[in-house]
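The block underneath contains the structure these notes are about, expressed in structure tokens.
The values are calculated or read from the model by the stated rules, or taken from the named source; none is laboratory data. What you see is a predicted model, and the numbers here were worked out from it, not measured in a lab. Neighbour counts run over all protein chains shown; Cβ positions are idealised from the backbone, glycine included. Surface areas here come from the heavy atoms of the whole protein model, side chains and all, with no ligands, DNA or RNA. Shrake-Rupley method; radii C 1.70, N 1.55, O 1.52, S 1.80 Å.
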Amino acid sequence: GAGVSQTPSNKVTEKGKYVELRCDPISGHTALYWYRQSLGQGPEFLIYFQGTGAADDSGLPNDRFFAVRPEGSVSTLKIQRTERGDSAVYLCASSLGGGKADTQYFGPGTRLTVL
Amino acid sequence: QKEVEQDPGPLSVPEGAIVSLNCTYSNSAFQYFMWYRQYSRKGPELLMYTYSSGNKEDGRFTAQVDKSSKYISLFIRDSQPSDSATYLCAMSFGGRRALTFGSGTRLQVQP
């Protein structure tokens, strides 16, 4: 079946603008995660959804970052007043959500560049 | 100091060599240990998953976890050029789904 998909694959914006990044998880997966990967680094956790609710948002760096998953499937990561330091690859992952040992399956990411 | 430390490489080996990749960590609460492979401009792909200490083998890949030393390893036997990628270790603990990743080791297997 289809894997995790993310759109757009690339996004270039100007400092101060608002951006939205979309994630379509694997069908039937109830858990969804957002990570951010800077150049030469491993992914850093941002937020985790179980169903429609954010179960853990401890990784969001500040209140400019917000994510939603209104129907428990597609999720949108929203970044307000973008800064150059927000430039990174934003990765989405999903898992069945059945337990602590869930395997997280990653999408290809959205490469965000803030000029 | 980062919770998970990983040598960034690059590590260059000839085809057919045995590759050893390692991570150390500081948080003794970690219980679940994973190795992901990431090709350029792609998302991470799970290779191996281990719970607590011990060894796990899958084809050419062997994962080892030593919780007493806070040290995990991935061995790749008979390495192939197609193994050239960045290898990321990741870990988590019960009650928290978030994965903590190392910075990744870039591996190049020369034909």
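Each residue in region B:73-104 was checked for being within 14 Å of another protein chain (Cβ to nearest Cβ), among the aliphatic types (A, V, I, L, M) and either closer than 22 Å to residue B:51 by Cα or surrounded by fewer than 16 Cβ atoms within 10 Å (Cβ to Cβ) (or both), and 5 pass.
The residues of region B:63-72 that are within 14 Å of the chain's Cα centre (by Cα) and loosely packed, with under 15 Cβ neighbours inside 10 Å, listed by number, are B:66, B:71. Taking the criterion of being within 14 Å of chain A (Cβ to nearest Cβ) and either under 22 Å from residue B:99 (Cα atoms) or open to solvent by less than 50 Å² (accessible area, probe 1.4 Å) (or both), the residues of region B:1-23 that qualify are B:2, B:3, B:4, B:5, B:6, B:7, B:8, B:9, B:21, B:23.
Once region B:25-40 is narrowed to residues that are in contact with a strand residue (DSSP E or B) (Cβ under 7 Å, 6 or more places away or on another chain) and not in a strand (DSSP E or B), the residue that is least open to solvent (accessible area, probe 1.4 Å) is B:30.
May I ask you to say which residue of A:81, A:69, A:22 is closer than 23 Å to residue B:100 by Cβ and either touching a strand residue (DSSP E or B) at 6+ places or on another chain (Cβ under 6 Å) or of a type outside the set (A, V, I, L, M, F, W, C) (or both)?
Details: A:81 fails: closer than 23 Å to residue B:100 by Cβ; A:22 fails: closer than 23 Å to residue B:100 by Cβ.
Going through A:81, A:69, A:22 in turn, just one is closer than 23 Å to residue B:100 by Cβ and either touching a strand residue (DSSP E or B) at 6+ places or on another chain (Cβ under 6 Å) or of a type outside the set (A, V, I, L, M, F, W, C) (or both): A:69.
For residue B:68, the requirement of being closer than 17 Å to residue B:106 by Cβ, outside any strand (DSSP E or B) and not charged (D, E, K, R) is not met. If I go through region B:41-62 residue by residue, how many of them are of a type in the set (Gly, Ala, Ser), open to solvent by less than 60 Å² (accessible area, probe 1.4 Å) and away from chain A (no Cβ under 14 Å)? Selection size over region B:41-62: 2.
Of all the numbered requirements in (1) touching a Lys or Arg at 6+ places or on another chain (Cβ under 9 Å); (2) assigned to a strand (DSSP E or B); (3) modelled with pLDDT of 95 or more; (4) of a type in the set (Ser, Thr, Tyr), residue B:49 misses one, and that requirement is (3).
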